[in-house]
Amino acid sequence: MQSFHLDHIASLPYFLEKTIFKGLVFMTHATKAVYKFLLSDYVKVSKVSIKDILYDEQDILRFMDKIEVIDFHQSGKLVISVDGNVAHLDKWSGNVESQNEGLKESVQVAFRRIQNAVKPIPLSVF
């Protein structure tokens with residue numbers, strides 16, 4: 001996760017708690033801490049009926065246990081497994097190793113999209 005806008009992050013607890021998805025979510029310690037407070041506040045101030053709410057505080061607590069905390073500068077490879085196929089993504093270079101060419105290409109495309117979406121703010125603007 002790399003964004004705290006609710007239109008980007010608010011559906012993640014529903015996705016992980018109410019669907020068949022069994023993947024992993026990675027966040028830094030700081031991201032996870034802020035995320036929990038944002039979601040809890042979102043549930044508290046939501047103006048929807050109990051039957052229409054997508055998730056509650058208990059869902060958030062269960063979801064938080066599924067988040068893998070990583071160090072911001074941690075190097076290494078992420079292991080991505082889809083339907084029994086495995087890819088190894090070097091999170092700094094973007095190199096992907098996989099015997100499944102379709103999975104390899106999908107991971108490369110996803111990595112490029114994330115890299116293009118996350119643009120550092122030049123310090124000169126401050």
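Just a few scattered comments:
- Residues Ser46 and Arg112, FRET efficiency given R0 of 35 Å [Cβ-Cβ distance, rounded to 0.05]: 0.50
- Ignoring lysines fewer than eight residues from Lys22 along the same chain, the ones with Cα atoms less than 17 angstrom from its Cα are Lys66.
- Taking region 52-73 and a reference point 7 angstrom along Cα→Cβ of Lys91, the backbone N atoms nearer than 14 Å belong to 67-73.
- All aspartates and glutamates inside 19 Å of Lys91 as judged from Cα atoms, apart from same-chain residues fewer than 8 positions distant: Glu68, Asp71, Glu101, Glu105
- Rounded if a/c under 1.5, otherwise prolate or oblate - region 7-56, Cα gyration tensor axes: oblate
Any read-out appearing in this document is the output of simple, stated calculations on the displayed coordinates, not a laboratory observation. Keep in mind it's a predicted model, so treat the numbers as computed, not measured. Quick reminder, even Gly has a Cβ in these numbers, built from the backbone with ideal geometry, and neighbours come from all protein chains shown.
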